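Comments concern the structure below.
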Amino acid sequence: MVISEDTRAAIDSECAKYPQKRGGLLPAMHLVQKQLGHIAPETAVELAEIFDIRPVEVMEVLTFYNMFFSAPRGRHNVYVCTNLPCALRGSRTLLAQIESHLGIAAGETTEDGRISLGHEECLGACAYAPMLRVDETYHENLDLEKANQILDGLE
Amino acid sequence: MGLKVPYVTSYLTEHCAEDDYVSLAGYEAKGGYRAAKKALGMAPQEVINLVKESGLQGRGGAGFSTGMKWSFMPQDSDRPKYLVCNADESEPGSFKDRLLLERTPHKMLEGILIAAWATGAEKTFIYVRGEYAFPADVVQRAIDEAYEKGILGPRCMGKSFAHDVVLMRGAGAYICGEETGLLESLEGKKGQPRKKPPFPAQYGAFGMPSTVNNVETFCHVPHIVDQGADWFRGFGTEKSPGTTLFGVSGHVVRPGLYELPLGTPLDEIIFEHAGGIPGGRKVKGVIPGGMSMPVLPAGQLDVPMANEYLRERQSMLGTGGIMVMDETTCMVRASCIITYFFRDESCGQCTQCREGTGWLNKIVNRLERGAGSEKDIDILVDVAGKMEGQTICAFADAAAWPVQGMIRHFRGDFEEHVRQQKCPFSGSFEL
């Protein structure tokens with residue numbers, strides 16, 4: 001068992017909020033990912049047991065949503081929004097500059113395991129472009145200098 | 001640099017720059033929950049009639065009559081009824097609900113409570129897109145406060161009426177903004193939209209009668225109850241009453257939010273409010289209502305921003321997300337981004353959408369590379385036409401319409417790529 005007792009207790013209290021236990025699956029997956037960083041196939045099996053559903057049903061959910069990871073990630077997930085409103089204000093140029101600053105391409109993780117870089121679709125920050133999402137925090141109205149400062153400050 | 005609070009405010013966002021407005025005490029100090037108190041003293045049917053008379057239309061994109069939607073909820077059912085607040089704002093170009101979640105959470109909760117009373121719903125699920133971690137925290141704090149003060153819970157505002165509110169975070173899927181995709185996600189499944197009928201009012205969340213409304217829609221409701229349908233109809237057009245939060249992005253001097261009456265001319269929003277195009281450049285095209293809505297060319301910006309006028313120009317209000325593109329913009333590049341998005345976000349259950357979004361993206365990319373032919377442009381029109389209206393949900397339409405709009409108004413851009421066998425717009429934004 002890799003899901004901790006604390007996480008398990010939090011899952012149970014989430015499930016209690018829904019008329020059917022399975023309503024708690026997405027919240028449970030957020031909780032598990034918070035504890036473990038990703039949801040490995042074995043963890044998905046454990047979740048399936050908790051929810052009394054087939055492992056494939058958890059895998060379906062795991063692979064459908066962009067924010068759930070089935071493989072380990074860097075310590076920080078950094079995303080540049082590259083959708084149209086941001087692109088019009090230079091976000092794709094910014095992404096290319098960040099790629100060369102970090103020495104990795106979008107979709108890759110730095111060798112020291114510090115940052116996984118990606119691009120993301122619209123994050124609802126269109127007027128504050130270009131922007132970065134670092135884990136759960138938005139950084140907006142950026143230029144390369146500000147972006148690099150944020151990235152260099154990540155441990 | 002875009003301001004976080006609207007540059008222009010009206011009733012909806014009047015106090016949203018005040019920090020204490022986020023708290024229950026601050027909200028009540030400005031008259032908050034007065035409307036809920038009034039509504040809970042009315043007969044539920046009276047409240048529904050009032051919202052119907054106000055002419056309020058949903059602000060989530062489809063623009064359906066809110067009062068009508070509420071009236072579809074079965075009156076004499078012994079099954080539990082649910083409300084769902086769609087806070088899965090994901091339409092590219094839209095960022096208005098985020099402001100309301102972050103700055104006016106109690107107004108949304110008040111609207112929810114009024115809707116719950118009117119429809120007899122025992123529980124509301126607020127589904128917030130996964131990336132909106134901060135807005136979700138703000139809303140959760142507001143929910144907790146409302147419970148502490150007895151506004152929510154077993155006896156809402158001292159009445160023998162129970163209502164619970166549960167916040168769920170999504171996990172990154174545009175399609176969950178489609179109401180039945182959202183319901184599937186709420187039930188712990190992948191967010192693939194359901195066939196309709198049955199509609200949510202009969203078979204909604206967890207199989208129970210449900211009504212799904214957008215964040216902004218709920219926020220208008222307390223004002224309607226407080227000040228009346230006639231007052232509300234004093235804003236906007238006859239067919240599209242009220243204000244809305246327009247989000248302006250792209251090539252403008254002041255990108256940001258503007259709360260203005262529906263029917264405000266698009267050029268007034270862009271040039272008077274948002275300061276026009278930087279560097280003295282000219283505008284080339286504008287997407288008026290979030291990325292799903294067809295683009296309008298520079299010559300059509302006099303259109304009043306309400307569905308009855310936008311439809312005449314073969315576009316729609318959508319979510320009011322206005323994306324402005326200046327004369328340097330390559331519309332084929334813009335189409336590359338648009339078609340990539342829909343290809344990436346198609347849930348994959350309908351063939352026309354799953355295959356069609358991929359084809360559109362591949363062909364547009366080929367044209368942008370300079371490897372396309374004149375025939376490719378016709379194939380785009382053909383594929384888009386065969387996706388439209390053929391699928392379980394409106395996603396395929398949303399993917400087809402912008403491509404049709406781009407070719408309708410900017411076919412020359414596409415043809416020039418074919419003629420020169422390269423992108424002729426060297427000054428355009430980078431891809």
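The values are calculated or read from the model by the stated rules, or taken from the named source; none is laboratory data. None of these values were measured; they are calculated from a predicted model. Here the Cβ is made from the backbone with ideal geometry for all residues, glycine too, and neighbour counts use every protein chain on show.
Structure notes:
- Test: B:Thr217 is in contact (Cβ under 8 Å) with a residue 40 or more places away in the chain, of a type outside the set (D, E, K, R) and in a loop (DSSP other than H, G, I, E, B): no
- Matching residues in the stretch B:183-195 - criterion: being outside any helix (DSSP H, G or I) and either in contact with a Ser or Thr (Cβ under 7 Å, 6 or more places away or on another chain) or among the aliphatic types (A, V, I, L, M) (or both): B:Gly191, B:Pro193, B:Arg194
- Set A:Leu84, A:Leu95, A:Leu88, A:Leu62: member being in contact (Cβ under 8 Å) with a residue 40 or more places away in the chain and buried (at least 18 other Cβ atoms within 10 Å of the Cβ): A:Leu88
- Of all residues in the stretch B:35-52, those satisfying the criterion of being part of a helix (DSSP H, G or I) and surrounded by 14 or more Cβ atoms within 10 Å (Cβ to Cβ) are B:Ala35, B:Ala36, B:Lys37, B:Lys38, B:Ala39, B:Pro44, B:Val47, B:Ile48, B:Asn49, B:Leu50, B:Val51, B:Lys52.
- Looking only at the stretch B:220-231, and only at residues there that are surrounded by fewer than 20 Cβ atoms within 10 Å (Cβ to Cβ) and not acidic (Asp, Glu), the one that is farthest from B:Gln45 (Cα to Cα): B:Trp231
- Scanning the stretch B:302-349 for residues that are within 30 Å of B:Gly370 (Cβ to Cβ), part of a strand (DSSP E or B) and among the hydrophobic types (A, V, I, L, M, F, W, C) turns up B:Met323, B:Val324, B:Met325.
- For the residues A:Thr93, A:Thr63, the requirement of being polar (S, T, N, Q), within 13 Å of chain B (Cβ to nearest Cβ), more than 20 Å from the chain's Cα centre (by Cα) and part of a helix (DSSP H, G or I) singles out A:Thr93.
- Filter result for the condition that a residue is surrounded by 23 or more Cβ atoms within 10 Å (Cβ to Cβ), within 16 Å of B:Phe218 (Cα to Cα), within 14 Å of chain A (Cβ to nearest Cβ) and touching a Ser or Thr at 6+ places or on another chain (Cβ under 7 Å), over B:Leu56, B:Leu83: B:Leu83
- Exactly one residue out of A:Pro55, A:Pro72, A:Pro41 is of a type outside the set (D, E, K, R) and closer than 28 Å to A:Asn148 by Cα: that is A:Pro72.
- Only residues that are touching a residue at least 24 places away in the same chain (Cβ under 8 Å), closer than 21 Å to A:Met67 by Cα and either in a helix (DSSP H, G or I) or more than 9 Å from chain B (Cβ to nearest Cβ) (or both) were counted across the stretch A:127-145, and they come to 4.
- In the stretch B:179-219, the residues that are of a type in the set (Asp, Glu) and surrounded by 24 or more Cβ atoms within 10 Å (Cβ to Cβ): B:Glu179, B:Glu216
- Hey, B:Gly150 free of Cβ contacts under 8 Å to residues at least 24 places away in the same chain, part of a loop (DSSP other than H, G, I, E, B), in contact with a helix residue (DSSP H, G or I) (Cβ under 9 Å, 6 or more places away or on another chain) and crowded, with 24+ Cβ neighbours inside 10 Å or not: no
- Matching entry among B:Met73, B:Met68 (being part of a loop (DSSP other than H, G, I, E, B) and over 14 Å from the mean Cα position of the chain (by Cα)): B:Met73
- Answer from A:Gly90, A:Gly124 - the residue that is out of contact with any helix residue (DSSP H, G or I) (no Cβ under 9 Å at 6 or more places or on another chain), outside the structural domain of A:Gly37 (by TED's automatic domain parsing) and not charged (D, E, K, R): A:Gly90
- Residues considered: A:Phe51, A:Phe69. Of these, the only one that is under 30 Å from B:Glu430 (Cβ atoms) and not assigned by TED's automatic domain parsing to the domain that holds A:Asn148 is A:Phe69.
- First in the stretch B:29-45 and within 18 Å of B:Gly67 (Cβ to Cβ), second anywhere and assigned to a loop (DSSP other than H, G, I, E, B), Cβ under 8 Å, 6 or more apart: B:Ala36/B:Ile151; B:Leu40/B:Lys159; B:Leu40/B:Phe161; B:Pro44/B:Gly120
- Restricting B:Gly389, B:Gly358, B:Gly370 to those that are of a type outside the set (Phe, Trp, Tyr), away from chain A (no Cβ under 14 Å), touching a helix residue (DSSP H, G or I) at 6+ places or on another chain (Cβ under 7 Å) and on the phi < 0 side of the Ramachandran plot reduces the list to B:Gly358.
- Counting residues in the stretch A:37-44 that are in a helix (DSSP H, G or I), within 12 Å of chain B (Cβ to nearest Cβ), touching a helix residue (DSSP H, G or I) at 6+ places or on another chain (Cβ under 9 Å) and without any contact (Cβ under 8 Å) to a residue 60 or more places away in the chain gives zero.
- The residues of the stretch B:232-258 that are crowded, with 19+ Cβ neighbours inside 10 Å, within 14 Å of another protein chain (Cβ to nearest Cβ) and under 15 Å from B:Pro6 (Cβ atoms), listed by number, are B:Leu245, B:Phe246, B:Gly247, B:Val248, B:Ser249, B:Val252, B:Pro255, B:Gly256, B:Leu257, B:Tyr258.
- Scanning the stretch A:125-146 for residues that are aliphatic (A, V, I, L, M) and surrounded by fewer than 22 Cβ atoms within 10 Å (Cβ to Cβ), we see that the one that is nearest to the chain's Cα centre (by Cα) is A:Val134.
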